[in-house]
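What follows draws every value from the coordinates through simple rules; no lab data is involved. Because the structure is a prediction, the values reported are computed rather than measured. Positions of Cβ are generated from backbone atoms using ideal geometry, with glycine treated the same way; all protein chains shown enter the neighbour counts.
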Amino acid sequence: MRFFSSTRDIPESVAVPRHVAIIMDGNGRWAKKRFLPRVAGHKRGVEAVRATVKACIERGIGYLTLFAFSSENWRRPVDEVSYLMGLFVSVLESEVEKLHDAGVRLRVIGDLSRFDARLIELIASGERRTAGNDRLVLTVAANYGGRGDIMQAVNRMIAASPAPANGYTEDDLAPHLSMAYAPEPDLFIRTGGEQRISNFLLWQLAYTECYFTDLPWPEFDAGRLDEAIGSFRARERRFGRTSEQLTDPASPSRPGHA
Ligand code: FPP
């Protein structure tokens, strides 16, 4: 299956995003404001993940991608990294069966080689257990970095075929990216007040609508997701075209530069 590429094709407009990608930020600050340890914010963040997964299923969103741990997050205090690893293990232990019952397919992207054997095994068994589901594809990005993903794809593309006379194309590279199985996100959400992409899905976010909210991740829920979707619906997605081209079907509509 080949999904549209936002720099090469113009996709159909949709009222409900097919793919929502989220940077779940603000856990530490949420906890600090309540005089709790930072890790209490991560624990509470799991509740927001549950609410968001449920809301995506109810709204018919096909793909939800969550940035759980970036390749830069190893720079955090050792205790916090070790708490997060323990949290991932316990979430996988307790949630995989529930995800399966809800028809969710779990996928994990990122370089898993630095994780403990137990976590790697739980990820593999969770992916296997839910592999036949298609109601929602929940992708968790763990030890993931967008630049690293592009570089591994470049290396795999070169290994897969010698350079064509006119050079490689986007279509040569795209199948080697770790999210090649999903359409590009229609909506990107970042909670916690920062307005950055932070090395998330760099390739795939080329034409994604971005929504930033000051709300910390532990307070995110179905209502907040609806606010983000409402903002997405109100936008005019031009993919390089002019406003006039969107309303006049006779106008040539070729992707150019936004
Ligand atoms: C960013 O907040 C959050 C993280 C680095 C971890 C997110 C992890 C979870 C919500 C746990 C569950 C996730 C899954 C999918 C199992 P921050 O600590 O940077 O907050 P701050 O900016 O306020 O310090």
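Structure above, values below:
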{"item": "Residue match in region 19-40 (condition: touching a residue at least 24 places away in the same chain (Cβ under 8 Å), of a type in the set (Gly, Ala, Ser) and under 20 Å from VAL108 (Cα atoms))", "result": "yes"}
{"item": "Residue that is surrounded by the fewest Cβ atoms within 10 Å (Cβ to Cβ), among those in region 24-42 that are farther than 15 Å from LEU215 by Cβ and in contact with an Asp or Glu (Cβ under 7 Å, 6 or more places away or on another chain)", "result": "ARG38"}
{"item": "Residue check, VAL16 touching a residue at least 12 places away in the same chain (Cβ under 8 Å), over 21 Å from GLY145 (Cβ atoms) and in a helix (DSSP H, G or I)", "result": "no"}
{"item": "Test: GLU97 is surrounded by fewer than 16 Cβ atoms within 10 Å (Cβ to Cβ), within 14 Å of the ligand (Cβ to nearest atom) and more than 20 Å from ASP186 (Cβ to Cβ)", "result": "no"}
{"item": "Complete set of residues in region 197-213 that are touching a residue at least 24 places away in the same chain (Cβ under 8 Å) and farther than 19 Å from VAL14 by Cα", "result": "ILE197, SER198, ASN199, PHE200, LEU201, LEU202, TRP203, THR213"}
{"item": "Residues satisfying the stated conditions in region 78-92, i.e. among the hydrophobic types (A, V, I, L, M, F, W, C), without any contact (Cβ under 8 Å) to a residue 40 or more places away in the chain and near the ligand (Cβ under 10 Å from one of its atoms)", "result": "VAL81, VAL89, LEU92"}
{"item": "Test: residue in region 61-72 that is without any contact (Cβ under 8 Å) to a residue 40 or more places away in the chain, within 16 Å of VAL140 (Cα to Cα) and under 20 Å from the mean Cα position of the chain (by Cα)", "result": "no"}
{"item": "Output for region 43-56, where each listed residue is farther than 17 Å from PRO183 by Cα and either hydrophobic (A, V, I, L, M, F, W, C) or surrounded by fewer than 21 Cβ atoms within 10 Å (Cβ to Cβ) (or both)", "result": "LYS43, ARG44, VAL46, GLU47, ALA48, VAL49, ARG50, ALA51, VAL53, LYS54, ALA55"}
{"item": "Long-range neighbours under 8 Å by Cβ, at least six apart or interchain, first residue in contact (Cβ under 8 Å) with a residue 60 or more places away in the chain within region 136-163, second surrounded by fewer than 17 Cβ atoms within 10 Å (Cβ to Cβ) and of a type in the set (Ser, Thr, Tyr)", "result": "VAL137/TYR181"}
